[in-house]
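Colleague: Below you'll find the structure I mean.
The values are calculated or read from the model by the stated rules, or taken from the named source; none is laboratory data. It should be emphasised that the depicted structure is a prediction, and the values quoted were computed from it without experimental measurement. With ideal geometry, Cβ positions are generated from the backbone for all residues, glycine too; neighbour counts draw on all protein chains shown. Ligands, DNA and RNA are stripped out before the accessible areas are found, and what is left, the full protein with its side chains, is counted by its heavy atoms. Shrake-Rupley method; radii C 1.70, N 1.55, O 1.52, S 1.80 Å.
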Amino acid sequence: MNERAFVMIKPDGVRRGLIGEIVSRFEKKGLKPVYAELKELSEETARTHYQHLKEQLFFEDLIQYITSGPVFAMIVEGRSAVANARALIGPTNPVKAPPGTIRGDYGSDIDENVIHCSDSFDHAGMEIQLFFGKTGMLQKL
Ligand code: IDP
């Protein structure tokens, strides 16, 4: 079934010039970018996005990292977009992410793991709303 997922190349991925390579992997998998923005996250958006981790000791470092430069945020669309995108990016910790996944190929530490993707259909909707508001809800852009 066609669905949408929210994907964000984090500041380390943007700094290292990985946007083209990563977008290409999504396209080859059949997940089409239908909207994208290069933007800096406000602290407020960052704190809302990661609110499920607010009790963690690394939370403040995470907020500093994710607001340290522009991110490349996009909506991808395709069959089972969330499950397929999660498979493409690999597990949270790049040390455990197999080669062939984005985190496995480009990340080396959990502190800077290159990319984010929604982990469920419901979260995809919430993240698209948080990052793009009404614009993200448009059918085709
Ligand atoms: P996910 O990004 O794979 O969905 P989450 O558990 O939601 O995983 O964690 C969100 C982000 O928080 C991770 O992608 C990573 O950037 C950061 N993070 C998670 N666990 C740790 C940790 O143990 N140390 C430092 N950063 C972490």
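Colleague: Tell me which lysines have Cα within less than 16 Å of Lys39's Cα, excluding those fewer than 8 residues away on the same chain?
Modeller: Correct list for Lys39: Lys10.
Colleague: What size of dipole, in debye to the nearest 20, comes out for the chain about its Cα centre when the only charges are +1 on Lys and Arg C-beta atoms and -1 on Asp and Glu C-beta atoms?
Modeller: Around 640 debye, computed over the chain.
Colleague: Sticking with this one: Efficiency by 1/(1 + (r/R0)^6): what FRET value for Arg16 and Ser120, r their Cβ-Cβ distance, R0 = 22 Å, to the nearest 0.05?
Modeller: With a Förster radius of 22 Å, E is 0.20.
Colleague: Please give the calculated 222 nm ellipticity per residue for the chain, where each DSSP H segment of at least 4 residues contributes -39500 (n - 2.57) and the sum is spread over every residue; nearest 500 deg cm²/dmol?
Modeller: -10500 deg cm²/dmol
Colleague: A further question on this structure: Would you mind computing, in nm to one decimal, how far apart the modelled labels at Lys32 and Glu55 are, each placed 7 Å from Cα along Cα→Cβ?
Modeller: Here the answer is 4.3 nm between the modelled labels.
Colleague: If you take the Cα atoms of region 8-107, find Rg, then find the Kirkwood Rh from the mean of 1/r over all pairs, what is Rg/Rh?
Modeller: 0.96
Colleague: Report in % the part of the accessible area of region 2-132 that belongs to carbon and sulfur, leaving out ligands and nucleic acids; probe 1.4 Å.
Modeller: Of all accessible area on region 2-132, carbon and sulfur atoms account for 50 percent.
Colleague: Taking the Cβ of Val114 as the center, what net charge do the other residues with Cβ under 15 Å away carry, scoring Lys and Arg +1 and Asp and Glu -1?
Modeller: +1
Colleague: Could you sort 48-59, 82-93, 67-78 so that the peptide with the highest average Cβ count within 10 Å comes first and the rest follow in order?
Modeller: Descending packing order for the listed peptides: 67-78, 82-93, 48-59.
Colleague: Using amide H atoms built 1.01 Å from N in the peptide plane, name the residues 5+ places from Glu40, or on other chains, whose amide H lies under 5 Å from its own.
Modeller: Amide H to amide H, under 5 Å and 5 or more residues apart or across chains, Glu40 pairs with Val71.
Colleague: For region 58-114, just the Cα set please: Rg and Dmax, both in angstrom.
Modeller: Gyration radius and largest Cα-Cα distance of region 58-114: 12.6, 35 Å.
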